Amino acid sequence: MNIDVENERFSLGIKQLTQDVWAYDIPKKYSVSKKVKANVMGANEVELEKDVRAQLDSKTDAKEGSEVVVEITRLDPEAKMIYATVVTADAGAEIPSYLPSSGNDGE
């Protein structure tokens, strides 16, 4: 936000109008030890929901685009990073229905 007293004007950016998801939403939704469904984006990365990705602690052999279950291992709000480990990655493995969806239902 910028205030120009002399000209009686102020400017406000879009980012200042929206809540930082890392201030509240992410830590509440993805707490350490929580297991969630995620989509594999690459050998070291999964997408938990649209625009929210987690870095994997170790590589996964799961194919890109497949759904896996990950356990959140660490949150780093300053770096805005989520770290996780794959719990279920087998192509034929049954993913428990009680786990929250990753939010990638075509949204």
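The values are calculated or read from the model by the stated rules, or taken from the named source; none is laboratory data. Note that this is a predicted model, so its numbers are computed, not measured. Methodologically, a virtual Cβ is constructed for each residue, glycine included, from the backbone with ideal geometry; neighbour enumeration extends over all protein chains shown.
Within the range 72-82, can you find the residues that are in contact (Cβ under 8 Å) with a residue 24 or more places away in the chain, surrounded by fewer than 17 Cβ atoms within 10 Å (Cβ to Cβ) and part of a strand (DSSP E or B)?
Answer for the range 72-82, where residues must be in contact (Cβ under 8 Å) with a residue 24 or more places away in the chain, surrounded by fewer than 17 Cβ atoms within 10 Å (Cβ to Cβ) and part of a strand (DSSP E or B): 73, 74, 81.
Pull out all pairs, ordered by first then second residue, where Cβ-Cβ is under 7 Å, the residues are six or more apart or on different chains, the first lies in the range 36-51 and is within 9 Å of residue 64 (Cβ to Cβ), and the second is surrounded by 19 or more Cβ atoms within 10 Å (Cβ to Cβ).
Within 7 Å, the pairs are 39/46; 39/102; 40/46; 40/60; 40/62; 40/68; 43/60.
Which residues, counting only those in the range 16-45, are charged (D, E, K, R) and loosely packed, with under 10 Cβ neighbours inside 10 Å?
Taking the range 16-45 first, the residues charged (D, E, K, R) are 20, 25, 28-29, 34-35, 37, 45.
Answer for the range 16-45, where residues must be charged (D, E, K, R) and loosely packed, with under 10 Cβ neighbours inside 10 Å: just 28.
Being modelled with pLDDT of 90 or more and at positive phi, is that true of even one residue in the range 20-36?
Within the range 20-36, one or more residues are modelled with pLDDT of 90 or more and at positive phi.
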